[in-house]
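The values are calculated or read from the model by the stated rules, or taken from the named source; none is laboratory data. Computed from a prediction, not measured in an experiment: that's the story for all the values here. Reconstructed Cβ throughout: ideal geometry from the backbone, glycine too, with neighbour counts over all protein chains shown. Ligands, DNA and RNA are stripped out before the accessible areas are found, and what is left, the full protein with its side chains, is counted by its heavy atoms. Shrake-Rupley method; radii C 1.70, N 1.55, O 1.52, S 1.80 Å.
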Amino acid sequence: MKPFRLSPAFKDYIWGGSKLKSAYFKDTPFDKTAESWELSCHKNGESTVVGGEFHGQTLSAVISEFQENGIDIVGKNAAQFDRFPVLIKLIDAKADLSVQVHPDDTYAMKHENGSYGKTEVWYVVEAEPGAKLVYGLNQDMTKEAFLSAVQNNTLTEYLNFVPAKPGDVFFVKSGTIHAIGAGLFICEIQQNSDTTYRVYDWGRTGADGKPRELHVEKAADVSCLAKEIKTDFTPKLLSQKNGVEIYEVASCKYFTAKKYTSHAEVTLKTTQNSFSSVTFLSGEGTIQAGGERFPFRKGDTFFFAAQEAEILVSGACAFLETTV
Ligand SMILES: [Zn+2]
């Protein structure tokens, strides 16, 4: 089966920048683009297929069409989920994102109309000097102390600010208070959910001139209020041979992600267990799959069906591969 080249949905949140257009070749309608939803079957912004017989259709429609014909292109491992489990974004943070937290599945199912919770992982693609982010708290807090810190505008004193550099990986489990900081360009792999509880917005206003809504009570319900102890965000090197380095980015119930750095050529294998999604972060070249060649350059995302097959990636490049 041929791979599907995907076209993303774009989001123009107030903190976005211009890199998606200027450096990642994205055909975005916005002057400032915060996010491109590269691999998405979420109703708030679906990916569509580019080229071939499915051109212009949403990925979710294509998945359903194959399913109706008895072909599962998502793979066996995702059968445990009642919908497509993953959402992959490129995020250009020109300014700080709000301090926020996401619920887990149990809480979201109950309080957000059957929606999924959100565990996410950030792979830092670019970081301006001095760029930092918020990853958990710098001390233990009680729920009362948390609520009063939000009320008194002193929450920043309790946030765990961490410097971030290209190649760093931050696994943000649901319940972890977090914020992507200004000057970071990130590839985020997350559960297929759009549920965010905002707790602090740096005293700024939204596009309409009013402060953006906060969700403090729900945030207090779901937040982990223990001090964050993780300090090393370097991904584990899994293998290094023939000019190809492979790093572990994430491995959890919802997704597995690896980062590849290839100096010339690398072969990926897909199986019936899972689809494979590849997002290129740098470089350019060609992909050979399904008996055809497809050019790629940084910023491109492809979806490969769950089947026994090989994909040859030629050209010096770096990319993230995500499976379930
Ligand atoms: Zn988040």
Find how many whole Å separate the alpha carbon centroid of the stretch 140-164 from the alpha carbon centroid of the stretch 256-324.
-> 41 Å
Please get the size of the charge dipole for the stretch 106-194, origin at its Cα centre, with Cβ charges of +1 on Lys and Arg and -1 on Asp and Glu, quoted in debye to the nearest 20.
-> 160 debye
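Exactly which GluC sites (Glu not before Pro) in the stretch 183-253 are in a DSSP loop and have at most 11 other Cβ atoms within 10 Å?
Listed in order of number, the matching sites are E213.
Mean residue ellipticity at 222 nm from the helices of the chain, using -39,500 (n - 2.57) per DSSP H segment of n ≥ 4 over the full residue count, to the nearest 500 deg cm²/dmol? Present the calculation step by step, with values, prior to reporting the outcome.
Values: 5 runs with 37 residues, N = 324.
After summing the helix terms and dividing by residue count, I get -3000 deg cm²/dmol.
Leaving out ligands and nucleic acids, and using a 1.4 Å probe, what accessible area per residue does the stretch 4-222 come to in Å²?
Per-residue accessible area for the stretch 4-222 comes out at 43 Å².
With +1 on each Lys and Arg Cβ and -1 on each Asp and Glu Cβ, how big is the dipole of the stretch 236-323 about its Cα centre, in debye rounded to the nearest 20?
Details: 9 positive and 9 negative charges, 52 e Å.
I would put it at about 240 debye.
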Calculate, for H55 and A207, the FRET efficiency according to 1/(1 + (r/R0)^6) with r their C-beta to C-beta distance and R0 35 Å; round to the nearest 0.05.
-> 0.60
On the accessible surface of the chain, probed at 1.4 Å, how many percent belong to carbon and sulfur atoms?
-> 48 percent
Dipole axis of the chain (+1 Lys, Arg; -1 Asp, Glu on Cβ), positive-most option in H263, L214, Q190 = H263
About its Cα centre, the stretch 4-222 carries a charge dipole, from +1 on Lys and Arg Cβ atoms and -1 on Asp and Glu Cβ atoms, whose size in debye to the nearest 20 is 340 debye
Nearest 10 degrees, 0 to 90: what angle lies between the long axis of helix 59-68 and the longest principal axis of the chain (Cα atoms)?
-> 60 degrees
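Determine the per residue accessible area of the stretch 236-324 with all protein chains present and a 1.4 angstrom probe, expressed in square angstrom.
On the way: 3820 Å² over 89 residues.
Computed with neighbouring chains in place, this is 43 Å² per residue.
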Looking at G283, N77, V313, which one has the Cα that reaches farthest to the positive end of the dipole of the chain (charges on Cβ: Lys, Arg +1; Asp, Glu -1)?
-> G283
Karplus-derived HN-Hα couplings along the stretch 227-239 (A = 6.51, B = -1.76, C = 1.60, θ = phi - 60°), whole Hz, x at Gly and Pro | 4, 7, 10, 6, 10, 10, 10, 7, x, 6, 6, 8, 7
Table column - 3J(HN,Hα) (Hz), the stretch 38-43, Karplus curve with 6.51, -1.76, 1.60, x for Gly and Pro | 6, 10, 8, 10, 8, 4
